[in-house]
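Below: one structure, written as structure tokens.
The values are calculated or read from the model by the stated rules, or taken from the named source; none is laboratory data. As the structure is a computational prediction, the values presented were derived from the model and not from experiment. Neighbour counts are summed over all protein chains in view; Cβ atoms, including those assigned to glycine, are modelled from backbone coordinates with ideal geometry.
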Amino acid sequence: MKDEETKPVKHIPIWQIPIEPIVSGSKFKTEQGYSAIKDGVKSQSTSSDKVLGGKPAWLKVKLPNGKGYQEVKSNVRGNKLSTVCEESKCPNIGECWTAGTATIMLMGSVCTRACRFCSVDTGNPKGWLDADEPENSAESVKLMGLKYIVFTSVDRDDLDDGGAHHYAECVKAVKRENPQTNVEVLTPDFKGDLEALEEVLDSGIVVFAQNIETVKRLTHPVRDPRASYETTIKLLAHAKKYRPDILTKTSLMLGLGETDEEIRETMQDLRDIGLDIVTLGQYLRPTTNHLAIERYVKPSEFDEYRRWGLDMGFQEVVAGPFVRSSYRAERALEGNNAGITN
């Protein structure tokens, strides 16, 4: 009996094989082989947003596009960099990348903490760090021709110093390769370690930021239990005393249930330690597993909060629905609300 004709095996290029998307809230394996949770918070039943109807007109943005945006995107991919612009689903990614500005996220894209407002993946990197990241970051800044760069990162509680030494090495590499570039850092709290903080402060930065995120009453459940209002205040206060030549900065999300009185009290706590710049923006729920939106803050209310802060003596208060910590950071001291027009 004649053998049946064997059909040739069809070889499909790897890039054509469909990849199942990782579902938000589910566990997955990272490239480095450790487990993480997509978007930072496990799937759970949470309350719906308290605000009725669709998003108001002032919360609609254009889809990212344009030559500047595509160039920055290509550069980020080519240098294997993580950006907070992408990982946090920032609504300003189109505006900032089109302007040739990006906030680079150091130490990978998996955070050891699980704040309930944040969509960055959560897991335990078990000490993993990219040894080439300082030089890759410096080269990226050079290729983009940036005069101002912001470094931020995930929390890295798995590292003894919270990643402070790695931060400092990245800043120093940028300054060696791009001495004219100003560097701002938006850091984790380094578990309250002031010596670790000082290493970053001495690395060549012009702005130090650590986000308080919300008012004291809402710190938990908004932030991870390992974070605290008091620790952020302590770090910002120490930074100002240790290096008074460096500007200090923090950010507040609004729309989580805070009152006007609590906003004012928080701003006063920050001003009392000599903080220079505060940013205020609308909380936007990244997935249905995250905290619900309690209210949409009107542009006119942001204008009022900005006036409060300027009256208190802050050098600048950048306030508006889409404002985030690093929003047009290089324009923070122009005295015009970073160019925002409502």
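What are the residues in segment 313-342 that are in a helix (DSSP H, G or I) and among the basic types (K, R), if any? Result: R331, single match. Quick check on P225: is it surrounded by fewer than 21 Cβ atoms within 10 Å (Cβ to Cβ), under 28 Å from L291 (Cα atoms), touching a residue at least 60 places away in the same chain (Cβ under 8 Å) and not aromatic (F, W, Y)? Here the answer is no, as P225 does not meet what is asked.
State all residues of segment 186-213 that are in contact with a Gly (Cβ under 9 Å, 6 or more places away or on another chain) and hydroxyl-bearing (S, T, Y); if no residue qualifies, say none. T187 - this is the single residue of segment 186-213 that is in contact with a Gly (Cβ under 9 Å, 6 or more places away or on another chain) and hydroxyl-bearing (S, T, Y). The set of residues from segment 251-269 being surrounded by fewer than 19 Cβ atoms within 10 Å (Cβ to Cβ) and part of a strand (DSSP E or B) is empty. One residue alone among I212, I205 is in contact with a strand residue (DSSP E or B) (Cβ under 6 Å, 6 or more places away or on another chain) and under 23 Å from K142 (Cβ atoms), and that residue is I205.
So, in segment 211-222, how many residues would count as being surrounded by fewer than 18 Cβ atoms within 10 Å (Cβ to Cβ) and either of a type in the set (D, E, K, R) or free of Cβ contacts under 8 Å to residues at least 24 places away in the same chain (or both)?
So the first thing to find is which residues in segment 211-222 are surrounded by fewer than 18 Cβ atoms within 10 Å (Cβ to Cβ), and the list is 216-217, 220-221.
So of that shortlist, the ones also either of a type in the set (D, E, K, R) or free of Cβ contacts under 8 Å to residues at least 24 places away in the same chain (or both) come out as 216-217, 220.
Counting residues in segment 211-222 that are surrounded by fewer than 18 Cβ atoms within 10 Å (Cβ to Cβ) and either of a type in the set (D, E, K, R) or free of Cβ contacts under 8 Å to residues at least 24 places away in the same chain (or both) gives 3.
Applying the condition of being part of a loop (DSSP other than H, G, I, E, B) and in contact with a Ser or Thr (Cβ under 9 Å, 6 or more places away or on another chain) to segment 271-284 and asking which residue is farthest from G335 (Cα to Cα) yields Y283. The residue list S82, S137 contains one member that is crowded, with 21+ Cβ neighbours inside 10 Å, at pLDDT 75 or above and either of a type in the set (D, E) or within 25 Å of V206 (Cα to Cα) (or both), which is S137.
May I ask you to verify whether L310 is free of Cβ contacts under 8 Å to residues at least 40 places away in the same chain and either assigned to a loop (DSSP other than H, G, I, E, B) or of a type in the set (A, V, I, L, M) (or both)? Spelling it out, L310 is indeed free of Cβ contacts under 8 Å to residues at least 40 places away in the same chain and either assigned to a loop (DSSP other than H, G, I, E, B) or of a type in the set (A, V, I, L, M) (or both). The one condition from (1) modelled with pLDDT under 90; (2) part of a loop (DSSP other than H, G, I, E, B) that K142 does not meet is (2). Filter segment 250-267 down to the residues that are among the charged types (D, E, K, R) and under 15 Å from F314 (Cα atoms) and list them by number. R264, E265 - these are the residues of segment 250-267 that are among the charged types (D, E, K, R) and under 15 Å from F314 (Cα atoms).
Taking the condition modelled with pLDDT of 85 or more, more than 29 Å from P221 (Cα to Cα) and assigned to a helix (DSSP H, G or I), does V72 pass? Write out each step before concluding.
Numbers: modelled with pLDDT of 85 or more: no; more than 29 Å from P221 (Cα to Cα): yes; assigned to a helix (DSSP H, G or I): yes.
Considered against the rule, which asks whether it is modelled with pLDDT of 85 or more, more than 29 Å from P221 (Cα to Cα) and assigned to a helix (DSSP H, G or I), V72 comes out as no.
Being small (G, A, S) and in contact with a strand residue (DSSP E or B) (Cβ under 6 Å, 6 or more places away or on another chain) is the filter here, so list the residues in segment 293-342 that pass it. Answer for segment 293-342, where residues must be small (G, A, S) and in contact with a strand residue (DSSP E or B) (Cβ under 6 Å, 6 or more places away or on another chain): G309, A319, S325, S326, A329, A332, A338. Among the residues making up segment 109-129, those that are among the charged types (D, E, K, R) and touching a strand residue (DSSP E or B) at 6+ places or on another chain (Cβ under 9 Å) are R113, D121. Note on segment 217-254: residues that are farther than 19 Å from S326 by Cβ and not β-branched (V, I, T) amount to 19.
Looking only at residues in segment 290-321 that are touching an Asp or Glu at 6+ places or on another chain (Cβ under 7 Å) and farther than 14 Å from N337 by Cβ, the one that is surrounded by the most Cβ atoms within 10 Å (Cβ to Cβ) is I293. Checked against the criterion of being under 23 Å from L201 (Cβ atoms) and aliphatic (A, V, I, L, M), the candidates A329, A292, A319 yield just one match: A329.
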